[in-house]
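Okay, so here's the structure we're looking at.
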Amino acid sequence: PVYADPKGKDDGQSVKSKRKKSVLPTNKLLVSVYNKTVEIMELLPDLLNVQTLPDTLVLQISTLSVSPFFVENVGTLQLAALSVCRGIFCVYEKHRQIILD
């Protein structure tokens, strides 16, 4: 197979088990930070609807909410970021073109 070790060494693990191990997050701190980031992203649309924010802050939030779309395997964060982008798009007309760019 293409994925075989060219030196012929085999440690007895299948390709699937190797793949599983590389995908699973092992750092609990990293998982915790990711979950908190998702939680903050999920709360930002409520803030956008309740409070009128200055343009500088809206620009920073829009930059923050567009960034996850360029990263793979962060589906929950991307979904929360989509809600933030939608909130900015609905409430702040001046920022619509910035989000589309």
**OP:** Considering only the stretch 27-85, state which residues are closer than 13 Å to ILE99 by Cα and assigned to a loop (DSSP other than H, G, I, E, B).
**Re:** none
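Here is a yes/no grid of residues against (1) open to solvent by less than 70 Å² (accessible area, probe 1.4 Å); (2) modelled with pLDDT under 75; (3) touching a strand residue (DSSP E or B) at 6+ places or on another chain (Cβ under 8 Å); (4) charged (D, E, K, R):
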position	(1), (2), (3), (4)
LYS7	no, yes, no, yes
SER14	yes, yes, no, no
ASN27	no, no, no, no
GLU39	no, no, no, yes
LEU43	no, no, no, no
LEU77	yes, no, no, no
ALA81	yes, no, no, no
CYS90	no, no, no, no
**OP:** Using the structure shown, decide if PRO1 is open to solvent by 60 Å² or more (accessible area, probe 1.4 Å), modelled with pLDDT under 85 and either under 25 Å from ASP101 (Cβ atoms) or touching a helix residue (DSSP H, G or I) at 6+ places or on another chain (Cβ under 9 Å) (or both).
**Re:** yes
Original post:
Looking at the stretch 54-84, which of its residues are touching a residue at least 12 places away in the same chain (Cβ under 8 Å) and more than 14 Å from VAL38 (Cα to Cα)?
Top reply: ASP55, VAL58, LEU59, SER62
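The values are calculated or read from the model by the stated rules, or taken from the named source; none is laboratory data. Just so we're clear, the structure is a prediction, and the values are computed from it rather than from any experiment. So basically every Cβ, Gly included, is an ideal-geometry build from the backbone, and we count neighbours across all protein chains shown. Accessible surface is based on the protein model in full, side chains and every heavy atom, while ligands, DNA and RNA are left aside. Shrake-Rupley method; radii C 1.70, N 1.55, O 1.52, S 1.80 Å.
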